[in-house]
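Read through the structure below, which is laid out as C-alpha cells, and then see the notes.
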Amino acid sequence: MERTATAGTKASATPSGTPSAELSGLDPDLDSDLDSGLDAGLLEAMPRQREVAATAGELALALRAPAAVSVSASTPAVPGESWLLLALRSLHPWRLLPTPTGTPFTFAYAMLLLVTSLVAQYADATLVNELHQASSTDVAHLVRDPLLVLVASALWIVGGMMSPYAILFLLVLTALERRIGGMRAAAVFVSGHILATLATEGTVGIAVLAGHLPNSSLHRLDYGISFGVATSIGALSGLLRPWLGLPLIGLFGWSLVEDLIEFTDPMTNWGHLISLTIGVATWPLIRRWHRAARVTRLEAARFEAARFEVAPVEVARV
C-alpha cells in the first residue's frame, strides 16, 4: 500500500514520458530504485527543474523530426560565368538557324536548296549545265514558260551552300520568318525574286529590240536566289532596332554599289539594288504584319495559360 501511494504521489509530480511512468508496475525493486533516484534529483519547492525535463522532451522530439534543409544551403555554388557566355545565352544563338517547327518555310526551302547544291556539285557537268539552262530566267524562257522558269530558277544557288548568299539566306530568312510568319516571309522573298527578275530581263529585252544589245542577250544564263535574299535583307532591316538594322542595310547596300562600280555583271548588280529597294519599300507592310504576328502569339500564349489553369479544376471535379 505504501509503495502504491508513493508511486501515485510521484506520478503526479513526475512529467509524463519519464522512465518511472513507463516502467511502473513492471518490477517492485525497479520502481523503488527509480523513485529514489528521481527524489534525489528533484528538490521541493523548485519546479524549475521540471521545465528542464520538459525542455529535454521537446529537444528529443526535435531531434527525431527531420531537419529542414535550406534550398540556398543545399544548392551548390555556381561558378561565375563570363559576360560573353551570358550575352550569348540571352541572345539565344540557336534561334539564328531554321528549325522544322519554328521556321518551317525556311527549313524546308533550305533542305531543297541543299539537295540541288549536292546535285550541282556531284552530278555530271553536262547534266548540270542542261538543268541550269532549262531553269534560266532569260528573256526567251520568260516569254515561253514564265511560271516554270521563275520557280525553277529559285531552286539553285550560284556557288553552292557555302556561298555568301547561301549563308545570308539561312540567317536572314530565319529572322524574318520568326518575326512575320512563314507565309509572309515567303511572299517577301518571292516578290523580290519575281519583280527584280522582270525588271532586269525586261530591260534587256527592250535594249535588244532597240538595237543596243545583241540577240544573244535574250539567252543569257540567269538563275539563283540572290534577288530574293536581297529583298529579304531590305525587309528585315526595317524590323530590327536602328543600331542593327541601319548598319545591316548600309553595309550590304555599299557592297552592291561596289559590285556595280566594278561593272563585271551590271545586269545582276542592278537586280540586287532593285531587290534591296523592293525590300525597303515593304517596311510599312511588314511592320503591320509584325504587329499582327506578335498579337497572335500573345493570344496563343494566353490561351495556353488559361487552358493549363482550367485543367486541374476539371480533373478535381471529375
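Annotations for the structure displayed:
- Highest average first, the peptides 223-230, 169-176, 127-134 ordered by how many other beta carbon atoms sit within 10 Å of their residues are 223-230, 169-176, 127-134.
- In region 206-318, taking the dipole from charged Cβ atoms about the Cα centre, the farthest positive-side position among Ser255, Leu240, Trp270 is held by Leu240.
- Dipole moment magnitude, nearest 20 debye, region 176-318 about Cα centre, only Lys, Arg, Asp, Glu C-beta charged: 840
- Stretching Leu221 away from Val128 to a fully extended chain increases their span by 32.2 nm, per 0.36 nm per residue minus the current alpha-carbon distance.
- Per residue accessible area in Å² of region 212-316, where ligands, DNA and RNA are left out and the probe is 1.4 Å: 61
- Difference of contour (0.36 nm per residue) and Cα-Cα distance, Ala199 to Arg307: 33.8 nm
- FRET efficiency for the pair Gln121 and Thr99, taken as 1/(1 + (r/R0)^6) with r the Cβ-Cβ distance and R0 = 22 Å, rounds to 0.30.
- Protection-proxy order for peptides 147-157, 183-193, 96-106, each taking the mean of Cβ atoms within 10 Å per residue, highest first: 183-193, 147-157, 96-106
- Label-to-label distance for Leu260 and Thr296 is 3.5 nm, based on points extended 7 Å past Cα in the beta-carbon direction.
- For Ile225, distant residues with modelled amide H under 5 Å away: Val158
The values are calculated or read from the model by the stated rules, or taken from the named source; none is laboratory data. A quick note: this is a predicted structure, and the numbers were derived from the prediction, not measured. Counting neighbours? That spans all protein chains shown, and the Cβs are built from the backbone with ideal geometry, glycine included. To get the accessible areas, we keep the full protein, side chains included, count just its heavy atoms, and leave off ligands, DNA and RNA. Shrake-Rupley method; radii C 1.70, N 1.55, O 1.52, S 1.80 Å.
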